[in-house]
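Values quoted throughout were computed directly from the atomic coordinates according to the rules given, and no laboratory measurement underlies them. Here the structure is a predicted model, which is why all the values come from computation and not from measurement. Virtual Cβ from ideal backbone geometry, glycine too; neighbours counted across all protein chains shown.
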Amino acid sequence: MGLSPVLWQFLVKWMTNFAIIPPEASRIAPQVDALLVFMTLVSLVGLVLVGLLVTAFSILYRRERNPVATQIEGSTLLEATWTIIPLGLFLVMFVWGSVLYFRIYTPPPNAMNIYVVGKQWMWKAEHPGGQHEINSLHVPTGQPIQLTLISQDVFHSFSIPAFRVKREAIPGRYTTVWFEATQVGTYHLFCTQYCGTQHSGMIGEVDVMTPDDYKKWLASSTSGVSLAQNGERLFASLSCNACHSGQPDARGPSLADVYGSKLTLSSGQPVLVDEAYLRQAILNPSAHITQGYAPIMPTYQGQISEEGLISLVEYIKNLSSNYRVQQTLNTSTLLPEQPDKATAKGAATQGVSKP
Amino acid sequence: MSTIVSLPDQATARIPKRNYITNENGILSWLLTGDHKRIAMLYLISITFFFFIGGALAGLIRLELLTPQSDLMAADTYNKVFTMHGVVMIFLFLVPSVPATLGNFLIPIMIGAKDLAFPKINLLSWYLYLAGGAMTLTAMITGGVDTGWTFTTPMSTHFSNTNVITTGLAIFIAGFSSIFTGLNFIVTIHRMRAPGMTWFKLPLFCWAHYAASILMVLGTPVLAITLVLVVLERTIGIGVFDPTKGGDPILFQHLFWFYSHPAVYIMILPGMGVISEVISTFARKRVFGYTAVAFSSVAIAVFGFFVWAHHMFIMGVSNYAVLVFSLLTMLVAVPSAIKIFNWAFTLYKGSITFETPMLYAFGFMGLFTIGGLTGVFLGSSGTDIHLTETYFIVAHFHFVMVGGMLMAFLSGVHFWWPKMTGRMYPEKISQLAAVVTFIGFNFTFFPQFLLGMLGMPRRYAAYPPEFQVLNVFSTAGASILGVGYLLPMIYLIWSLKYGEVAGNNPWQATGLEWQIQSPPLTENFTTIPVVTQDVYDYEWLERQKEHEVTHVG
Amino acid sequence: MSDSHAVATTADAVHHEHPSYQRHHFVSMEQQNETVSFGMWLFLLTEIMFFGGLFTAYLIYRNWYYPAFVAASHTLNIVEGTANTGVLITSSFTMAMGVWCAETKRHKGLVWSLIATLILGLGFLGIKADEYHEKYVLHHIPGTSFSAQAFVHPSEEALKAGEKPIAPDMAAKTEVYFSLYFAMTGMHALHMIIGIVLLSGMLVKAWRGGYMNGHIAFVENFGLYWHFVDIVWIFLFPLLYLISRHQ
């Protein structure tokens, strides 16, 4: 960026104070704003150019001044110029914008996961530690947060203008987006995909807190049961452990360490086991049979809500000791100064003995 | 200001006694006509009617948005109002506006033919349009639709309690009107040009309509089948878009936008054709870069088929798909830029006057430039994330559709009014209306860019209070805009009786339509012309004036 | 198509005698016939786009739910499907004969060809109706009466024929297959019905001596439409009936 940081800060402050852009409250926001400023400048130049041409020609060649027009066929040079220059500028915007897009939709490996379920007409956020929020989202600064979104009914769209992020919440599959909040404060949260009667009411607040305040909030808001613990309960009550018992002769594959691994299906196709896969495997098992196992798993379509699925997914994710899980799990211990607490799996227990 | 208007002596001038309006009398002769000009007039009346319905709905939207609370009407009602506004304006006004009125009237005359290739299909097209419009009105009166004009599933298939089926079928029927119009234009331009009228002597108005017709013919059927599937899903629950039955709502999005993106080019290309004619006439010059402009129209049509998923960037499609569609979107923006520059340079060394059609054309150039550039903001995927589904989108498409297309439509109506009716509209008040429209438009829609930047979502009846100031600006502008649109209604009708007699060629324009009487004969030409002059051939026109014939037919 | 020059020639520019069935906005019969033919081809292109949406949906879901598509496809009556294919191809042949008869002014030949085409077309619809009835009886019509039980627990004869039971969640996807089956064959049948109505009108006119004066554009262009409907079926048949059939 050619603009000096001081000038840039002044520009941002001026624009925010005059309410042209929302506050920049995430790490990606200034980057998006930089591209927006570039586009605005290019547009201004283009508009002024066209305006000047039209105005100048209108004055210079008005009928009183130029009674006879000169017939001109065209100019290949000019055609080339105003083809190549706009194309070049648009391609710059394409590349720059694509880079930003990939950044916004590719979470870093250390992102903390929060699930969000959209339904007519509210947002339910589920923190892995078992904190539930409706129409609000509490997040700490300085920590990448990944949102895993799904809708229970129609299309919704989760939008935080101050973070410059937005993602559709679709029925039937997970979508994700991530951000890292940088500025303490309260910001708007909107549903931006028309979803029926109370679409305008499906709004809330994103509450960005310091890590300390966030810890306090977590402690005071917990329901006592983390998502993984709830998942463990469901795993038992839905009799999943009858087949997925972890014993060597079990009818279903062991689920320990399965999250994040590469699995070969009975069709020979390899898959990466992520949240989407786990959800699909529960709802449409016969398309997701692990190689070497019989296609006998019943479907749970219609028997379990999206929240229940989220709990199960969280539980299965925790049946392992990978780094990511610890970060997600120990939301109360995510500060760098307490690394040893991260090894304690305080919030999750294993209900299944490892093979 | 100087003017190029050249009218016959008003003391002795008369509208020619035999013309397409006086040729036959009686309501049936209009309702069962095959004459493309009469059908064009029928369309003009119908789309004006629907425009005012759509406009009234827009007024209701802006009134509600004066205050942050949802206090003027129930939330459900507001949802129905903006849905109907979109449906009526897009399918019953914008899509047919220029093609069905000006295109129908002028294309045969511009190419030297006596009618379109299929006059009866042309009439059928109007009746299908009326049927679709009547069904839409019925749906509106009997409870409305509240899915948004985009009919997003599963909202439209499983969750809405309104007249989705009626409206879906109405648009299905109206779609055939569009297909038949496009089919007629393509065949006519290919097969019925007069001797000497080669492709590169066609007025750019014809090129633009040709390109738009390709889109109409190839794109609209996909919308038709999509609507059929929505209706089937809603009635018998077939499950093709229902995730609980294995279907995929994103499939609907792909099928819907596969038409609806080319649809926006269907709407704008004919308007661009008007602008080419108007700027050429009022600068007394051949359009700069004729070939480039002609090929740009076709390029827009072709590229327009490959960018649909830029409406779906945040919906969970693969990042790599987004890359491809974003790149193609940048490519489709280029031909429009080429056209704007070519029109600007048409003014270079021209001899310019500022009658009303030219004022609207200038308005088009400025507002379409803004609208088109903001489209690039949205085509770039990274910024689209922040701007999509907000008022930025609303502002963007209103700039191109209202600031662009509607201005072009008004420009064309004023430009060809003397040809279609034989009478001139009153110049001073029409210039005033053009200026009022331009000012009102900017007040209405520019604040919406800012609202979108700030994050205000679209389709919201209630909003956070900090957005109120900009919304009040916008509503104030809308009231000015309304005046700007009402004025032409009044003075154009007034001019039918009291306007000056126009004569054949009040604008001293080239083009075959200006070489015949105003209003034209039913058969357009008594003998098929043999075209030796070039297109936009002002030198030929000068030579013609030297042996001017004062009446025809 | 010499389209870089105008179609009407200078000679045509002068008004001259023309047959009574030449419309006034055309300068010659040649122009009229070519125009009408062009229009019909363009219309058929729009029909391809129309069916295209359904084919797209089919391709995607067949890819996702292949076992369900296989099992559901095997419940279609292959005898009736093949018979229908033969019927339609034959009707295209009789229609082509009809066009030739009209071109060569063979009145009886034209009438008989049209009658044959009509009977074959009605036959197609009759066989289709029987197939639809069978689907109704088997609870394969999507909606509230749909049941996938027969796929989860196949009958004795199905098992003997080589069918395997499929898991309930995949079996539920057969509803997607049948939705597409009815949408695609239903659309096709609707186009057949429209064609039969037009054909009937044409037959009446031919019976009364029409199409013997060289003005046969309607017959030719209807032929194009009929062949198109036939071609759509040629695509539908293997896609719907012949998924993984080995016997």
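Please compute the net charge surrounding A:Phe179, taking Lys and Arg as +1 and Asp and Glu as -1 over other residues with Cβ under 13 Å from its Cβ.
+3
For the protein assembly as shown, go through all pairs of different Cα atoms, get the mean of 1/r, take its inverse, and jot down that Kirkwood value in Å. Could you put the intermediate results ahead of the total?
Values: mean 1/r = 0.0307 Å⁻¹.
Here the Kirkwood hydrodynamic radius works out to 32.6 Å.
May I ask for the net charge around A:Thr70, where only other residues with Cβ less than 9 Å from the Cβ of A:Thr70 are counted and Lys, Arg are +1 while Asp, Glu are -1? Before the final figure, lay out the partial values.
On the way: positive: B:Lys285, B:Lys349; negative: none.
Overall, the nearby charge balance is +2.
Residue by residue, what Karplus-based ³J(HN,Hα) values in Hz, rounded to whole numbers, does the range A:190-206 have, using 6.51, -1.76 and 1.60 with θ = phi - 60° and x for Gly and Pro?
10, 8, 10, 10, 3, 9, x, 3, 9, 3, 5, x, 8, 10, x, 10, 9
Once the principal axes of the Cα atoms of the range B:344-419 are found, what is the range along each, listed largest first in whole angstroms?
That works out to 46, 27, 13 Å along the principal axes.
Cα to Cα, under 12 Å, and not fewer than 8 places away if on the same chain: which aspartates and glutamates meet these conditions relative to B:Lys428?
Those aspartates and glutamates meeting the cut-off are B:Glu355.
Provide the FRET efficiency to the nearest 0.05 for the B:Val483-C:Met29 pair, computing r from the beta carbons and using R0 = 56 Å. Each step should come with its number before you reach the end.
Numbers: r = 54 Å, r/R0 = 0.97.
About 0.55, to the nearest 0.05.
In percent, what relative contact order does the range B:115-256 have, based on Cα pairs under 8 Å that are 6 or more apart in sequence?
On the way: 161 pairs, mean separation 40.9, N = 142.
Averaging sequence separation for qualifying contacts and normalising by length gives 29 percent for the range B:115-256.
Could you tell me the largest-minus-smallest coordinate of the C-alpha atoms of chain C on each of the three principal axes, in descending order and whole angstroms?
76, 41, 32
Could you pull the Cα extents of the range C:55-145 along its three principal axes, largest to smallest, in whole Å?
53, 28, 22
Note down, for the range B:175-276, the three equivalent ellipsoid semi-axes (square root of 5 times each alpha carbon gyration tensor eigenvalue), biggest first, whole angstrom.
Values: eigenvalues 274, 34, 14 Å².
Calculated on Cα positions only, the semi-axes equal 37, 13, 8 Å.
In degrees, nearest 10, range 0 to 90: what is the angle between the Cα axis of helix B:290-304 and the longest Cα principal axis of chain B?
The angle comes out near 20 degrees.
Would you mind computing Rg(Cα) / (2.2 N^0.38 Å) for the range B:33-546, counting N as its residues? All intermediate terms of the calculation are to be shown ahead of the outcome.
Details: Rg = 22.4 Å, N = 514, 2.2 N^0.38 = 23.6 Å.
Dividing the Cα radius of gyration by 2.2 N^0.38 Å gives 0.95.
Please report, in debye to the nearest 20, how large the charge dipole of the protein assembly as shown is about its Cα centre when each Lys and Arg carries +1 at its beta carbon and each Asp and Glu carries -1 there. The partial results should precede the final answer.
Numbers: 63 positive and 68 negative charges, 209 e Å.
The dipole of the protein assembly as shown has a size of about 1000 debye.
On a C-alpha basis, how far is the centre of the range C:25-84 from the centre of the range B:163-237 in Å? Whole number, if you could?
Cα centres, the range C:25-84 to the range B:163-237: 18 Å.
When DSSP assigns beta bridges and you keep just the ones with both residues in the protein assembly as shown, what percent turn out antiparallel, to the nearest 5? Don't skip to the end; give the middle numbers.
Values: 34 of 48 bridges.
The antiparallel fraction comes to roughly 70 percent.
Just tell me, in residue order, which DSSP H segments of chain C are both 24 angstrom or longer along the helix axis (alpha-carbon based) and at least -0.5 in mean Kyte-Doolittle hydropathy.
Details: long enough: C:29-64 (53 Å, 0.45); C:78-103 (37 Å, 0.88); C:107-137 (45 Å, 0.51); C:174-207 (47 Å, 1.24); C:217-241 (35 Å, 1.30).
Span-like helices, by this rule, are C:29-64, C:78-103, C:107-137, C:174-207, C:217-241.
Of B:Lys285/B:Lys339; B:Lys339/B:Lys545; A:Lys166/A:Lys216, which sit over 19 Å apart, Cα to Cα?
B:Lys339/B:Lys545; A:Lys166/A:Lys216
Relative contact order for the range B:25-181: what is it in percent, counting Cα pairs under 8 Å that are at least 6 residues apart?
RCO, the range B:25-181: 30 percent.
If you take the charge dipole of chain C about its Cα centre, with +1 on Lys and Arg Cβ and -1 on Asp and Glu Cβ, which of C:Val111, C:Gly81, C:Ser91 is farthest toward its positive end?
The residue sitting most towards the positive pole is C:Val111.
Contact order normalised by length for the range B:33-546, with contacts defined as Cα pairs under 8 Å and 6 or more residues apart; what percent is it? Don't jump to the answer; show the numbers that get you there.
Values: 858 pairs, mean separation 90.1, N = 514.
The value is 18 percent.
About its Cα centre, how strong a charge dipole does chain B have in debye, to the nearest 20, once Lys and Arg get +1 and Asp and Glu get -1 at the Cβ?
Working: 27 positive and 26 negative charges, 167 e Å.
Taking the Cα centre of chain B as origin, the dipole is about 800 debye.
Rounded to the nearest 20 debye, what is the charge dipole size of chain C about its Cα centre when +1 sits on each Lys and Arg Cβ and -1 on each Asp and Glu Cβ? The partial results should precede the final answer.
Working: 13 positive and 18 negative charges, 71 e Å.
Roughly 340 debye for chain C.
At a Cα cut-off below 19 Å, give the aspartates and glutamates reachable from C:Lys173, other chains included and same-chain residues fewer than 8 away excluded.
B:Glu233, B:Asp242, B:Asp248, C:Glu163
Take the Cα coordinates of the range A:112-219, assign each an equal point scatterer, and use the Debye formula without solvent to give log10 I(q)/I(0) at q = 0.09, 0.12, 0.15, 0.19 Å⁻¹.
Log-scaled intensity ratios, in q order: -0.20, -0.35, -0.56, -0.89.
Under 13 Å from the Cβ of B:Thr532, count the other residues' Cβ atoms, weight Lys and Arg +1, Asp and Glu -1, and hand me the total.
Details: positive: B:Lys201, B:Arg543; negative: B:Asp534, B:Asp537, B:Glu539.
Value of the local net charge: -1.
If you average the C-alpha positions of the range B:379-450 and of the range C:116-183 separately, how far apart do those two centres end up, in angstrom?
When both Cα centres are located, 53 Å separates them.
Taking only the alpha-carbon atoms of chain A, what semi-axes of the equivalent ellipsoid follow from 5 times the gyration tensor eigenvalues under a square root, in whole Å, largest first?
Result for chain A: semi-axes of 51, 25, 19 Å.
Given H placed on each backbone N at 1.01 Å, which residues far from A:Trp178 in sequence or on other chains put an amide H within less than 5 Å of it?
Hits under the 5 Å cutoff: A:Leu147.
Of the listed pairs B:Lys37/C:Lys205; C:Lys135/C:Lys164; B:Lys245/C:Lys160, which have alpha-carbon separations greater than 25 Å here?
Numbers: B:Lys37/C:Lys205 32 Å; C:Lys135/C:Lys164 20 Å; B:Lys245/C:Lys160 29 Å.
Going by Cα-Cα distance, B:Lys37/C:Lys205; B:Lys245/C:Lys160 fall outside the 25 Å limit.
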